[in-house]
Amino acid sequence: MKKHILFLAILAGNLAAISQNKIITISNNLSIDREFETIELTKKMLGLNSNAKLEDYAVKDLSSYSFLETQTVDNDGDGIMDVLLFQPKIKASSKQDFQVIGGTNTSASKTINCYSRFVPERTDDYAWENNKVAFRTYGPVAQKMVEENIPGGTLTSGIDAWLKRVDYPIINKWYEKATNGTGTYHKDTGEGLDNFHVGDSRGVGGIAVNVDGKYYFSKNFISWKTITNGPIRTSFILTYADWDAKGNKINESKLISLDYGSQLSRFEINITGTKTIAAGLTLHDKKGTIGTNLKKGWLSYWEPIDDSEIGLGLVAPKGSLISFDNHVTDEKDLSNLYGSIPVKNNKAVYYVGFGWKKGSPFQTKQEWENYLTSFAEKINNPLIVKIKN
């Protein structure tokens, strides 16, 4: 009798495990190979109950029978993971099957390729990176120092680019050597450097609001919240004090994410007080060349930087890059290439980043703009996910 009960219990457990497993078919409708694109799976998509833990699930490639790197993210901060992330490789115009397997996910990676944090030891920066690029922006202490004429402050809501040329994390290493006096991140010793000037410009993707031909923008962020770090994605929220655009009260926060393998961060601007935003790329000393393609949804700026060259790029989802303004002025740091993006339901989304000639495969303006074209095509034609038991 006991053996019979034990057999039924084992059988029930095995059936439960089998019922948790799902086959996912991912289709690529484009005639190009796809990789470094993140699939997001939720409990609802997988048909799981509310007590299930996404972190206990693994993803297997059924063509190679190998497990893929995964990451789970708690987007709303309630302590429960909301999405399971993975990045498949899909050949051009093809389909591929994967299996989501319930149980203990022994293949979950602890590698932190995509990383961000608040940096109080360097005034109060917020910095983020993946295996390709790194960025930072500036907080309220840095702003206050400028306003009180204290040396070392920074007053801007522009986005700084850190030009890395290694695929491992450098943020903590560079800040450490700068703060302990053993080195500086303004000199390239083989990993890259920060030689990118922001000032009052929009840097790489800061926003402005245009009223009657004049651009207005916020000061530094006033608060931050890190959402996730991991092998596939880092994401965080920056909040800004209300600011004025010629009598229009602007309320703004940014949800920024950066995925593994991407040159571009995703910016989701949550904003009230305006019907459009202008996302900007700094023109620095105006020695570069702009590129624009409203139909495909991108803007670029290719320019010399010290002994190399760099391409800046902005990509917006289909139909949302409605115009551009090559805004050139004699005012210091205020020349920017702006892309106008409509605000819908208090949100505007775009992607922005860079490719440095020394740290990326992009050696010419054309190669950089080919990347932007491909990136736009992919976000406008996402991989198709179908799930079955």
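The values are calculated or read from the model by the stated rules, or taken from the named source; none is laboratory data. Being a predicted model, the structure only gives us computed values, none of them experimental. Glycine also receives a Cβ, built like all others from the backbone with ideal geometry; neighbour counts cover every protein chain displayed. Just so you know, the surface numbers come from the protein's heavy atoms only, side chains and all, with ligands and any DNA or RNA stripped out. Shrake-Rupley method; radii C 1.70, N 1.55, O 1.52, S 1.80 Å.
Side notes on the structure shown:
- Rolled with a 1.4 Å probe across the full set of protein chains, the surface gives VAL328 an accessible area near 90 Å².
- Less than 5 angstrom separates the built amide H of GLY203 from those of ILE159, THR282, all sequence-distant by 5 or more or on a different chain.
- Rounded to the nearest 10 Å², the accessible area of MET45 at probe 1.4 Å: 80 Å²
- The slack between ASN381 and ASN293, meaning 0.36 nm per residue of separation minus the straight C-alpha distance, is 29.9 nm.
- In order along segment 158-165, the phi-based Karplus estimate (6.51 cos²θ - 1.76 cosθ + 1.60, θ = phi - 60°) of 3J(HN,Hα) comes to x, 10, 8, 9, 9, 8, 8, 10 Hz; Gly and Pro are listed as x.
- Within the accessible surface of the chain, defined with a 1.4 Å probe on protein heavy atoms only, the carbon and sulfur portion equals 52 percent.
- Paramagnetic reach from THR272 (point 7 Å along Cα→Cβ, amide N under 19 Å) across segment 243-262: 243-255
- FRET efficiency, 1/(1 + (r/R0)^6) with R0 51 Å, evaluated for ASN21 and HIS186 via beta carbons: 0.45
- Mean residue ellipticity (222 nm) of the chain, computed from DSSP H runs ≥ 4 via -39,500 (n - 2.57), nearest 500: -4500 deg cm²/dmol
- Tensor-based shape of segment 323-374 (alpha-carbon gyration tensor, a/c under 1.5 rounded, otherwise prolate or oblate): oblate
- Solvent exposure of the chain amounts to 47 Å² per residue of accessible area, where only protein heavy atoms count and the probe is 1.4 Å.
- Of the trypsin sites (Lys or Arg not before Pro) in segment 303-355, the ones in a loop by DSSP (not H, G, I, E or B) with at most 14 other beta carbons within 10 Å are LYS318, LYS332.
- Between the alpha-carbon centres of segment 301-349 and segment 249-270 there is a gap of 14 Å.
- Using θ = phi - 60° in the Karplus curve 6.51 cos²θ - 1.76 cosθ + 1.60, the 3J(HN,Hα) couplings for segment 140-147 round to x, 5, 4, 5, 4, 4, 5, 5 Hz; x is entered for Gly and Pro.
- Note on HIS284: accessible area approximately 50 square angstrom, rounded to 10, probe 1.4 Å, nucleic acids and ligands left out.
- Electrostatic bookkeeping for LYS187 treats Lys and Arg as +1 and Asp and Glu as -1; over the other residues with beta carbon under 12 Å from its beta carbon, the sum is -3.
- Residues whose amide H comes within less than 5 Å of that of ARG117, counting only those at least five positions distant or on another chain, are ALA127 (H built at 1.01 Å from N in the peptide plane).
- Rounded if a/c under 1.5, otherwise prolate or oblate - the chain, Cα gyration tensor axes: prolate
- Whole-Hz Karplus values for segment 85-100 come out as 10, 7, 10, x, 10, 10, 5, 4, 6, 9, 10, 8, 9, 10, 10, 9 Hz, taken residue by residue from phi with 6.51 cos²θ - 1.76 cosθ + 1.60 and θ = phi - 60°; glycine and proline positions read x.
- Global geometry of segment 265-389, whether rounded, prolate or oblate, following the gyration tensor of its Cα atoms and the 1.5 cut on a/c: oblate
- In this structure the amide hydrogen of THR156, modeled in the peptide plane, comes within under 5 Å of the amide hydrogens of ASN220, none closer than 5 places in sequence on its chain.
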